[in-house]
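Everything on this sheet refers to the single structure shown next.
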Amino acid sequence: MRMFLNAIFDFKPKDKAFVTIPPILREILAESSWVPKRFLFDLYDINEASAEGHTPHAKLMKKFPQLRPYWHSTSDRFAAMNQWSPIYPDHANDPIPPTSPHGYGFFSNFPGRKDGEAVFCPDDPAIDMDVLEGICATIPRPCSFYSAIAVWDAISWYQDSDLTPALRYIQWRHGMEDFEPGDWADQHEFYECCVGYQSNCVLLSSKYGTGPELDVRVEITDQHPMEDALAIVERFAHRLGKPAKQCVRAVWPWEMRHEIADKLAYMRPRFEDWRKSGMTELAAIYHRAQENPPDKPVSAKTLVKRFVERNGFVRHDLCRWDDYGWCKRLPHGYWLHFGLSVNPTARYRGPVDIGLICYGTNFRTRYGCSLHTDLGAPRNAPADEAAFQVFQAVLDRFQKEMVPKLFDVFGDTPETFYQHSHVLEPSMEFDVMEFDI
């Protein structure tokens, strides 16, 4: 198993991070004699331009013709490369292959996979740090891509750094099958290129509707523990400010893919049966508490504070706008995060409920209870003393009954798996639930 510290620096759209940050990165890397060995990019957009030459890809192609080998299209009429066709002879001189209306295209030299190992495009001297910086300088104007990723990859943070990337054994739309570099034939997936690519690298990314992020990724090993990784991140923090988020991501060896899949398959029906078996008891607790209300009711805010303190939950060390809820470390190295919905009358809020997320390096499971959906209470039932008695029962039941069962199947999670921030994982690679890969 390989683990990487991911330190995430946040920027606002007005900061124009793709223009301003690469020169700073060049200086930071040069100061410490850190030399990237690979330069990766993934630039995706939907074709909605009035003319093909107006697409972001066409504009970028004019400036960097060396990107042509890395063009991929989802069009049914055209192959990934723009080859001459007797049916459409004029298309041979198009700046990029035409795509169907609302289809998408992208430049990508991200690796594929063969027998669990990353397979890169052939070495291309035309793609270097200057070209990568030049690409970044066009974002967001004149090239406003739906999503953009640039990676300064294979950096020797230490003399003995492993410069091979760690790829998850389950890839979206590929499952466990091999695939070619840049091959996202069915559906382009930002997460796979961004969060799913773990390496000793610096990764700059942005996606429509969110601000740019810079990830500094450092592998944690026995020879170079968390303290060494944090020291590297600190060098970037001197120039970029404090990270907005920080987490450790784990990638298991390819050889263990079937063993982990078997454990998840074993646990899924048992967890579901256990989850359903407790609802009758929780409903009884709720109704008994309603029949015996406290003499002096308190506000939901006070109940939340008491619940958090009584159960040893705290906020994460680094919290951003998208962080919510509280966390604590469980036995066996597991993490338990919980969130509450306690204002059913607020706009866009749902019924009162509690949600738990428990995870280690090789599993993640969710457990919770909604007063309305699970217990049959009115949709606008308040977050009162009765509700919090249910919440306490949910938490106690999970910790006393389910955590030992999880340990029996999945074993310990290393202490190095320390989460400074709560990070939602779009991937369902380790979910204790049914899903289609």
Across the range 154-162, in residue order, what do the Karplus-derived ³J(HN,Hα) couplings come to in whole Hz, using 6.51 cos²θ - 1.76 cosθ + 1.60 with θ = phi - 60° and x for Gly and Pro?
6, 9, 7, 4, 10, 5, 9, 5, 7
Please go through the residue pairs Lys276/Lys296; Lys16/Lys207; Lys63/Lys207; Lys16/Lys245; Lys301/Lys400; Lys328/Lys400 and name each one whose alpha carbons sit more than 25 Å apart in this structure.
Lys276/Lys296; Lys301/Lys400
So the compactness index of the chain, its C-alpha Rg divided by 2.2 N^0.38 Å, takes the value 1.11
Along its three principal axes, how long is the range 155-279 when you only count alpha carbons? Whole Å, largest extent first please.
52, 36, 34
What angle, in degrees between 0 and 90 and rounded to the nearest 10, separates the Cα long axis of helix 279-291 from the longest principal axis of the Cα atoms of the chain?
50
Mind listing the long-range amide H neighbours of Asp45? Cut-off is under 5 Å, sequence gap 5 or more, other chains count too, H placed in the peptide plane at 1.01 Å from N.
Gly105, Tyr146
I need to check one value: relative contact order of the chain, counting alpha carbon pairs closer than 8 Å and at least 6 residues apart, in percent.
18
Take the alpha-carbon positions of the range 287-336, form their convex hull, and give its projected area averaged over all directions (one quarter of the hull surface) in nm².
5.6
Shape descriptor, the range 361-412: equivalent ellipsoid semi-axes (Cα gyration tensor, sqrt 5λ, whole Å, largest first) stand at 28, 12, 7
The range 121-268 accessible area per residue, 1.4 Å probe, protein heavy atoms, integer Å², reads 42
Ranking request for peptides 146-154, 375-383, 119-127: highest mean number of other beta-carbon atoms within 10 Å first, then the rest in descending order.
146-154, 375-383, 119-127
Through the Karplus equation 6.51 cos²θ - 1.76 cosθ + 1.60, θ set to phi - 60°, convert the phi angles of the range 305-314 into ³J(HN,Hα) values in whole Hz; use x for Gly and Pro.
4, 5, 4, 5, 5, 5, 9, x, 8, 9
Looking at the range 117-179, which GluC sites (Glu not before Pro) are in a loop (DSSP not H, G, I, E or B) and have at most 11 other Cβ atoms within 10 Å?
Glu177
In whole percent, the fraction of accessible protein surface over the chain that belongs to carbon or sulfur atoms, probe radius 1.4 Å, stands at 52
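The values are calculated or read from the model by the stated rules, or taken from the named source; none is laboratory data. Predicted, not measured: the structure shown is a model, and the values here were computed from it. Cβ coordinates were reconstructed from backbone atoms using ideal geometry, including for glycine residues, and neighbour counts include every protein chain displayed. The area values use the complete protein model at the heavy-atom level, side chains included, leaving out ligands, DNA and RNA. Shrake-Rupley method; radii C 1.70, N 1.55, O 1.52, S 1.80 Å.
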